[in-house]
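Colleague: Handing you this structure, nothing more for now.
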Amino acid sequence: MFALSKPTLSFPPLHFERLRADVISAGICVRCGVCTGACPVSCIRMDAANPEPHLVAGTECTSCGLCVAACPERGVDYAELSAWQFGKTLDRWDLGGVALKGFIGHIADEAIWQTTSGGGLVTGLLIHLLSSGQFDGALVAGFDEEQPWRAKPKLVRTREEILKTTRSKHSLVSIADTLRELRGRAGRYILVGAGCHVSGLRKLQQAEPAWQDKIPLVIGIACGGNWYPEGTDYLLRGMGITDPAQIVEFAYRAADGTGANARLQNGERKSTSKRFGHDVYRMNLLYHAEGCSACPDLLSVLADITVGDTGPGKQSFAFLRSAQGIQAMEGAVRAGVIVGEWHASVDPRRGLRKDHPLRVRIKYREAYSVIARRQADGLAAPCYGSFSLDARALWTRRRNRWIWEIIYFLVHSLWIRRLLSVLPSDLTYVLGKLRGTWELSDSGFWGGMRHSPGQRPRGDKAGSPAHTESRRPSSERA
Ligand SMILES: Cc1cc2nc3c(=O)[nH]c(=O)nc-3n(C[C@H](O)[C@H](O)[C@H](O)COP(=O)(O)OP(=O)(O)OC[C@H]3O[C@@H](n4cnc5c(N)ncnc54)[C@H](O)[C@@H]3O)c2cc1C
Ligand code: SF4
Ligand code: SF4
Ligand code: SF4
């Protein structure tokens, strides 16, 4: 299907430069920080001046290959990792992953519930598992104390620390610092992260087994996509905040469902005039990370527990994929920290939400469309092992493929992006809404998607060869 090009290497194949060439310079790094936290000699850094991983001057990469092996944007073999982790492989259309049980509910404490993204299942689980002494801490996404509008990884140990890190951060978050901190520590920890953090950790756990005992429980959050931090700067401008140094508190989604909001030093509150969902359309056009567009993992399929929003009612759903996951949730329910109902048998392909099968498929297909486009342009792209498929099979209507190509071209054109940034946000909202409605309609963009779960779409040949490696950037071809 895709001819593999033969790279010319001027460095050992497992050197950090491999990662720079395949992912960072190729523009698909999602700044998850797994490579940086994994480096045993701490020679990679990500900082405010250069947020993408880079070698620290004066240090020497030993070519151990851990960063290269762990990076989720070089590719993830979901089927193989699921078999390794949960004893069950995945067919390429098992996009929800394995689930032994399901749960829908919320944290019992009403006051805390108001401060969480959805039902607060993540916060409830952490409070129960840390306060009962089962774990020594958890790696989560919080905010920077000095710049409270910037997401920052945190290692939390107490209830008070957990409560400072609730809610979704709609900005890429690196777990480099917290992973690195764990390297020298004894104890058992929990990772809370999006699909890229989870799959990066699973790859690291395979490459360096000591991480299996150190992080025996992984909680994944459902993640449809994320934005570069510049997206947050755009939100702040929309809120009329010219000096972010005045911000003492910031949230992307207010408890009452309104948009991003901030409290300033003088006590004044600022918020976007629209709901956060309204701003999302414009942020998608301008600041969506390219690596997120190529990521198919909406439901964090390699986590022990995956938590996501159920929509109205501020409840969360959870897929429990392993015995550890079930034990953790049962303990929190028994202790009265979490309330809700169990779903004894759950088909993750159908999900616990009405629109799940469709949403999961859209993310999967969008990822493969982006990968196909990048490959056609001779750019590196992640590869998903046996999840991979011939991207041409995604298109059941030739017309729609052309429309996709035009949209892809427009969204990546610098001039069009400049134009979009000055259009009134109401206009981009309407355009985004129209596109969304058309995408989901029967005659729409992703035509032919409404097949029942597990059934292959028209054109996807069973057993058709999967590509096993991404193309190298053209600059590296022999
Ligand atoms: C970028 C993004 C996209 C999302 N897309 C979807 C979606 O498509 N469908 C859906 O159902 N839900 C989506 N969510 C919501 C997510 O599923 C909820 O955060 C999850 O349901 C947890 O809800 P909760 O009430 O239990 O969270 P809380 O109890 O409020 O805890 C939230 C936890 O999430 C972690 N977290 C927050 N932001 C990030 C981040 N950027 N990266 C890694 N970890 C983070 C924090 O560490 C915290 O522990 C998205 C969230 C984010 C951040
Ligand atoms: S993890 Fe290994 S290969 Fe990567 S930069 Fe560090 S020493 Fe080099
Ligand atoms: S995607 Fe993550 S692991 Fe890969 S290079 Fe970027 S920060 Fe490192
Ligand atoms: S869309 Fe994928 S790569 Fe992007 S933040 Fe979410 S899980 Fe990570």
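The values are calculated or read from the model by the stated rules, or taken from the named source; none is laboratory data. Source: prediction; values computed, not measured. Here the Cβ positions follow ideal geometry from the backbone for every residue, glycine too, while neighbour counts run over all protein chains shown.
Colleague: Are there any pairs, at least 6 apart or on different chains, whose C-beta atoms fall under 7 Å, with the first in region 182-202 and hydroxyl-bearing (Ser, Thr, Tyr) and the second in a helix (DSSP H, G or I) and buried (at least 24 other Cβ atoms within 10 Å of the Cβ), and if so, which?
Modeller: Cβ pairs passing all conditions: 199/72.
Colleague: With respect to residue 349, is the statement that it is closer than 30 Å to residue 423 by Cα, basic (Lys, Arg) and buried (at least 20 other Cβ atoms within 10 Å of the Cβ) true?
Modeller: When the stated conditions are applied, residue 349 does not pass them.
Colleague: Tell me, which strands (runs of 3 or more DSSP E) lie completely within region 257-359 with 1 or more residues that are over 18 Å from the mean Cα position of the chain (by Cα), more than 30 Å from residue 25 (Cα to Cα) and small (Gly, Ala, Ser)?
Modeller: 261-264, 269-271, 338-343
Colleague: Name, by its number, the condition in (1) aliphatic (A, V, I, L, M); (2) under 29 Å from residue 360 (Cβ atoms); (3) surrounded by fewer than 24 Cβ atoms within 10 Å (Cβ to Cβ); (4) in contact (Cβ under 8 Å) with a residue 40 or more places away in the chain that does not hold for residue 83.
Modeller: Checking residue 83 against (1) aliphatic (A, V, I, L, M); (2) under 29 Å from residue 360 (Cβ atoms); (3) surrounded by fewer than 24 Cβ atoms within 10 Å (Cβ to Cβ); (4) in contact (Cβ under 8 Å) with a residue 40 or more places away in the chain, the one that fails is (4).
Colleague: In addition: Being in a strand (DSSP E or B), away from ligand 2 (no atom under 16 Å from the Cβ) and surrounded by 22 or more Cβ atoms within 10 Å (Cβ to Cβ), is that true of even one residue in region 106-116?
Modeller: Yes, region 106-116 has at least one match.
Colleague: Scan the helices (runs of 4 or more DSSP H) fully inside region 146-227 and keep the ones with 3 or more residues being within 21 Å of residue 296 (Cα to Cα).
Modeller: Helices (runs of 4 or more DSSP H) meeting the threshold: 195-207.
Colleague: Same structure again: Considering each residue of region 138-163, count those that are under 21 Å from the mean Cα position of the chain (by Cα) and free of Cβ contacts under 8 Å to residues at least 12 places away in the same chain, and give that number.
Modeller: Residues flagged as under 21 Å from the mean Cα position of the chain (by Cα) and free of Cβ contacts under 8 Å to residues at least 12 places away in the same chain within region 138-163 amount to 1.
Colleague: With the requirement that a residue be within 14 Å of residue 200 (Cα to Cα), more than 16 Å from ligand 4 (Cβ to nearest atom) and in a loop (DSSP other than H, G, I, E, B), what does region 55-76 give you?
Modeller: Matches in region 55-76: 65 only.
Colleague: Identify all residues within region 117-136 that are of a type in the set (Gly, Ala, Ser), away from ligand 1 (no atom under 11 Å from the Cβ) and either assigned to a loop (DSSP other than H, G, I, E, B) or without any contact (Cβ under 8 Å) to a residue 24 or more places away in the chain (or both); write none if there are none.
Modeller: 132, 133
Colleague: I would also like to ask the following. Say whether the condition of being within 9 Å of ligand 3 (Cβ to nearest atom) and either buried (at least 19 other Cβ atoms within 10 Å of the Cβ) or at pLDDT 95 or above (or both) is met by at least one residue in region 52-63.
Modeller: yes
Colleague: Another question, if that's okay. Within region 382-424, work out how many residues are assigned to a loop (DSSP other than H, G, I, E, B) and at pLDDT 75 or above.
Modeller: 4
Colleague: Right, something else. Spot the failing condition for residue 52; the list is (1) of a type in the set (Asp, Glu); (2) in a loop (DSSP other than H, G, I, E, B); (3) in contact (Cβ under 8 Å) with a residue 40 or more places away in the chain, and only one is missed.
Modeller: (3)
Colleague: List pairs: first in region 294-313 and at positive phi, second modelled with pLDDT of 95 or more and assigned to a strand (DSSP E or B), Cβ under 7 Å, 6+ apart or cross-chain?
Modeller: 300/220; 300/221; 300/306
Colleague: Quick one: is residue 217 touching a Gly at 6+ places or on another chain (Cβ under 8 Å) and within 14 Å of ligand 3 (Cβ to nearest atom)?
Modeller: Judged against the criteria, residue 217 is not a match.
Colleague: If you don't mind, another one. For residue 232, work out the one condition from (1) part of a helix (DSSP H, G or I); (2) touching a helix residue (DSSP H, G or I) at 6+ places or on another chain (Cβ under 8 Å); (3) not hydrophobic (A, V, I, L, M, F, W, C) it doesn't fulfil.
Modeller: (2)
Colleague: Among the residues of region 24-42, which ones are farther than 21 Å from residue 209 by Cα and either touching a helix residue (DSSP H, G or I) at 6+ places or on another chain (Cβ under 7 Å) or assigned to a loop (DSSP other than H, G, I, E, B) (or both)?
Modeller: Of everything in region 24-42, those that are farther than 21 Å from residue 209 by Cα and either touching a helix residue (DSSP H, G or I) at 6+ places or on another chain (Cβ under 7 Å) or assigned to a loop (DSSP other than H, G, I, E, B) (or both) turn out to be 25, 26, 27, 28, 29, 30, 31.
Colleague: Next up: Looking only at region 212-225, decide whether some residue is β-branched (Val, Ile, Thr) and either more than 16 Å from ligand 4 (Cβ to nearest atom) or on the phi > 0 side of the Ramachandran plot (or both).
Modeller: Yes: one or more hits.
Colleague: Here's another thing I want to ask about it. Mind checking whether some residue in region 188-202 is surrounded by fewer than 21 Cβ atoms within 10 Å (Cβ to Cβ), more than 16 Å from ligand 3 (Cβ to nearest atom) and more than 15 Å from the chain's Cα centre (by Cα)?
Modeller: yes
Colleague: So if I check each of 49, 21, which one is among the small types (Gly, Ala, Ser), loosely packed, with under 15 Cβ neighbours inside 10 Å, farther than 24 Å from residue 182 by Cα and more than 14 Å from ligand 4 (Cβ to nearest atom)?
Modeller: 49
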